[in-house]
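So the structure is just underneath, and the comments pick up after that.
A short reminder: the numbers here are calculations on the coordinates, not readings from a lab. It should be emphasised that the depicted structure is a prediction, and the values quoted were computed from it without experimental measurement. Glycine gets a Cβ as well: all are built from the backbone with ideal geometry, and neighbour counts include every protein chain shown.
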Amino acid sequence: MPQLLLLRHAKSSWDDPKLPDHSRPLNARGKHAAHHLGRILREIGVTPDLVLVSSARRTLQTLEQLEPWQSPPRIAVQDNLYLAPARVMLDLINEVPSETNCLLVVGHNPGLQELALLLAAGLDGIEQQKLSEGFPTTALAWFEFSGSWDKLREGGASLLRFILPAHSVEHGL
């Protein structure tokens, strides 16, 4: 079954108010949280075949902090993922090659949370409840679905886990 990982970029810096939003880097807390998420992904054995990442500096730096991968994924930097709404992201996902088993999308809110809620529509459970409450920085929604990428639609995926690394870092997990 194909797997879809939706990752919101890590915490970014607001130290330079003159810096355009697209150019904001990660702050130290964001780097730490993204690195920790990379460890979590390696521990549970999740490695994407393909990564679609927004062209914003903070998303690219988030992706760098996830390394090293068990095997390096193909990476496609997408300008149209920058602050994209859910439907734009779903259109990009629908174009993913069929041989892709695991896709990671690194992007921004509110679009990522909207997409996650759209895909998991009608599902119950603790993970769904956490997802409904918010999609903080460095959070990852992990989905599984049957069928092909071009057929993924609203309510068409099962939310396996909603990982909040910032919370697990604070509690030593």
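Data overview
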quantity	calculated
Charge context of THR100, other residues only, Cβ under 13 angstrom, K/R +1, D/E -1	-3
Rounded to whole Å, sorted largest first: equivalent-ellipsoid semi-axes of the stretch 47-121, Cα gyration tensor	19, 15, 11
In the chain, lysine pairs with alpha-carbon atoms under 30 angstrom apart (chain gap of 8 or more, or interchain)	5
Cβ charges +1 (Lys, Arg) and -1 (Asp, Glu), total dipole of the chain, debye	400 debye
About the Cα centre, charge dipole magnitude for the stretch 12-60 (Lys/Arg +1, Asp/Glu -1 at Cβ), debye	120 debye
Which labelled figure in [x] 17.4; [y] 16.0; [z] 16.7 is Kirkwood radius over Cα pairs in Å, once derived from the coordinates	[y]
Table column - 3J(HN,Hα) (Hz), the stretch 106-120, Karplus curve with 6.51, -1.76, 1.60, x for Gly and Pro	10, x, 10, 8, x, x, 5, 5, 4, 5, 4, 5, 5, 5, 9
Contour minus Cα-Cα distance for ILE126 and LYS151 (0.36 nm per residue)	6.3 nm
Fraction of antiparallel bridges per DSSP, the stretch 1-126 only, in percent to nearest 5	5 percent
